[in-house]
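Just so it is clear, none of the values below were taken in a lab; they were calculated from the coordinates. Everything quoted here is computed from the prediction, not taken from an experiment. No Cβ is skipped: glycine too gets one built from the backbone with ideal geometry, and neighbour counts run over all protein chains shown.
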Amino acid sequence: MKKYTYTEMKDTRSGFGDGLTELGKTNPNVVALCADLIGSLKMNDFKENHPDRFFQVGIAEANMMGIAAGLTIGGKIPFTGTFANFSTGRVYDQIRQSIAYSDKNVKICASHAGLTLGEDGATHQILEDIGLMKMLPGMTVINTCDYNQTKAATIAIADHEGPVYLRFGRPKVPVFMSTDQPFEIGKAIVLNEGTDVTIVATGHLVWESLQAAEKLESEGISVEVINIHTIKPLDEESILKSVSKTGCIVTAEEHNKFGGLGESVARCLAENNPIPQEFVAVNDTFGESATPSQLMEKYNINDEAVVKAVMKVLKRK
């Protein structure tokens, strides 16, 4: 097994901020909008260097989505920035009507997603956003795993024509993806090849899955780990190719088990190759206030949870 290591930890939201900075220099059509969270979304540099292309709309997220939709008519590529809870649940009607239905080229960039928001608690720890966004026709849904991948994704979505939901987080996490790893929307990345079980993971659970794979490999279990950064469109070809070898699969995500990556994979398997599947996800509940690591342990979305899911699914083969 290839051993993944890291030399630093960075928050994925900084990857978004740095990606936006690069776009500011290279793409004059990129504009940015923020709902009073410039520092939290790491949009300071873009604002300072391109004040004529930055719009502070205040705590008015619905208005921000409407403005963003309008800006696309003039050929601009708007990047909206606020917390994931406010990027989706608070403004779902505006996204559905003004962006998705109208097929506007808006990039909805959402920070502070999932349980790892930590101490801010259940009201802000949205665990339904992937489901909400993937059900919108024409919406691309991306959930990145580390700083490097978030920066690469931010730059890549500017060239994608159509609405995008880009999800990332607040805590510092290991930076383990290569800086030269190409980011191709809709194309999964096989991080480790194996023959006994497939793990497909997204977001912060990619690193947890790699740690789980090391533990399993030490027990003689050959694990294939796939980084699913794009949940929609899903790379069904890579998933089906993997399970044709392994015969079972575990999905891992920082999201409600209803409506997330796991359900998308289950649909793919049901239509093509029904095999045993286990889900590592939040079990249909809201979160609470605690540290990210405490929450991941309590709600069973860490490396130990992945190991347990693998052992369970192997018995079902």
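Here is how the numbers come out for the structure above:
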item	result
Whole-number Å³ per residue for the convex hull built on Cα positions in region 9-174	95
CD proxy at 222 nm, helix term only [per DSSP H run n ≥ 4: -39500 (n - 2.57); per residue of the chain; nearest 500]	-10000 deg cm²/dmol
Estimated distance in nm for a label pair at K25 and I73, the labels positioned 7 Å out from Cα along Cα-to-Cβ	3.4
Sites K187 and A266 - FRET efficiency at Förster radius 30 Å, r taken between beta-carbons, to 0.05	0.90
Relative contact order [Cα under 8 Å, 6+ residues apart], the chain, whole percent	19
Values of log10 I(q)/I(0), in the order q = 0.14, 0.15, 0.16 Å⁻¹, for the chain under a Debye, Cα-only, solvent-free model	-1.00, -1.15, -1.29
Mean-position separation - Cα centroids, region 89-143 and region 252-317, in angstrom	20
Full-extension gain in nm, K172 to N63, via 0.36 nm per residue minus C-alpha separation	36.2 nm
Options I99, G186, V200, ranked by Cα towards positive dipole end of the chain, top entry (Cβ charges)	I99
Computed magnitude of the charge dipole of the chain (debye, nearest 20; Cβ of K, R +1, Cβ of D, E -1)	280
In nm, spacing of pseudo-spin labels at R316 and N49 (7 Å Cα→C-beta vector)	4.8
Pairwise FRET efficiency - Y6 versus E219, Cβ, R0 = 25 Å, nearest 0.05	0.60
37 °C / 0.692 mPa s Stokes-Einstein diffusion coefficient of region 99-138, Kirkwood radius on C-alpha pairs, µm²/s	280
Among 90-99, 45-54, the order from most to least packed when residues are scored by Cβ within 10 Å on average	90-99, 45-54
Among A69, Q294, G114 the positive-end extreme of the charge dipole of the chain (Cβ point charges)	A69
5 angstrom amide H check on D11, placed H, neighbours 5+ away	V173
